[in-house]
Amino acid sequence: MTCLEKNVRRLFKNKGKLFLVALDHPQYFGPLPGLENTIETAERILKAPLDGFIFNPGIFSHLDSKKFFPKILIVRGSVSGSKFGRLPLHHPVFLSAEGALRIGADGVILMMIVGGNDVESICSVGKKIEEFHGLGLPVIVEILPHDPSKLSDPDLIATGVRIATELGTDVVKVFYTEQFHKVIEASLAPVILAGGLKTERLEEIARKAVEIGVKGFAVGRNIFSSEDPIKVIQTLENILRG
């Protein structure tokens, strides 16, 4: 067994599923309700039944290692500018494999844009997968359409998923689409569901996705902006693993 294989298996050590709470939004949005203080939010839900977190690199040095050591810690390695800028043609990867290991990350998540002039985005992600794998770090690739109106387009998302897995990603993160089976069938790697915008349909969408074959969740706003985030986590955990 290689170091990479061991680390990918660790992501899914809890009954073959992965449940992450995404708290990386301030990199683009700045402070948000529920994420005025990312560390406090994370510690408040730390004992809930979740496997780990997605953080930006700067958060890692503020974590209490004794509290967070048992959790899977995924670092956001790509940047998308700010909410005041234009939509980017691709999300540059600013984090090196050595940097991710130095801060104690268990894996890296990158954004890949599909559509438009997407060759730069796809090529960048492919090169970084090779770099992170060279040091045994698992990679999660999140698929995002260049045209925001295509966010739920099953053909576009399925195409992005297949490209990402052909490039060698270990996990794919996607938004729910109609004909979601096309997305699952297109993937050569486990697919986890992105929570997306705050919605009252989250439980319904989560159930459908699990029935179709999704292997985990990466949910942010529907948890950290909830009045009872631990209750939301428990509900999603029951859906994912019973």
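The values are calculated or read from the model by the stated rules, or taken from the named source; none is laboratory data. What you see is a predicted model, and the numbers here were worked out from it, not measured in a lab. As a convention, Cβ positions derive from the backbone with ideal geometry for all residues, glycine included, and neighbour counts pool all protein chains shown. What goes into the accessible areas is simple: the full protein's heavy atoms, side chains included, and nothing from ligands, DNA or RNA. Shrake-Rupley method; radii C 1.70, N 1.55, O 1.52, S 1.80 Å.
Some values worked out for this structure:
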{"read-out": "Solvent-accessible surface (1.4 angstrom probe) belonging to residue 28, in square angstrom, nearest 10", "value": "60 Å²"}
{"read-out": "Using a Förster distance of 22 Å, the FRET efficiency for residue 86-residue 123 (Cβ separation, nearest 0.05)", "value": "0.55"}
{"read-out": "Segment 75-138, relative contact order in percent, only Cα pairs under 8 angstrom and at least six apart counted", "value": "36 percent"}
{"read-out": "Estimated FRET transfer efficiency (residue 181, residue 46; beta-carbon r; R0 41 Å; 0.05)", "value": "0.75"}
{"read-out": "Solvent-accessible area per residue for segment 1-123 (1.4 angstrom probe, square angstrom)", "value": "51 Å²"}
{"read-out": "Candidate residues 111, 1: accessible-area rank, largest first, probe 1.4 Å", "value": "1, 111"}
{"read-out": "Contact order relative to length of segment 1-133, as percent, for alpha carbon pairs under 8 angstrom and 6 or more apart", "value": "21 percent"}
{"read-out": "Whole-angstrom gap from segment 22-38 to segment 164-242, using each part's C-alpha centre", "value": "20 Å"}
{"read-out": "Dipole in debye (nearest 20) - segment 180-242, about Cα centre, beta carbon charges: Lys, Arg +1; Asp, Glu -1", "value": "140 debye"}
{"read-out": "Over the chain, relative contact order from alpha-carbon pairs under 8 Å, at least 6 apart, %", "value": "19 percent"}
{"read-out": "Distance violations [Cα-Cα > 20 Å] among 17/47; 66/215; 127/182; 71/208", "value": "66/215; 127/182; 71/208"}
{"read-out": "Modelled FRET efficiency - R0 25 Å, residue 101 with residue 37, Cβ distances, 0.05 increments", "value": "0.40"}
{"read-out": "With every protein chain in place, the chain: carbon and sulfur % of accessible area (1.4 Å)", "value": "54 percent"}
{"read-out": "GNM top mover of 228, 153, 24 - the chain, alpha-carbon springs below 10 Å", "value": "228"}
{"read-out": "Answer label, with Cα extents along the principal axes in Å calculated from the coordinates and candidates (1) 48, 38, 33; (2) 51, 44, 28; (3) 44, 41, 40", "value": "(3)"}
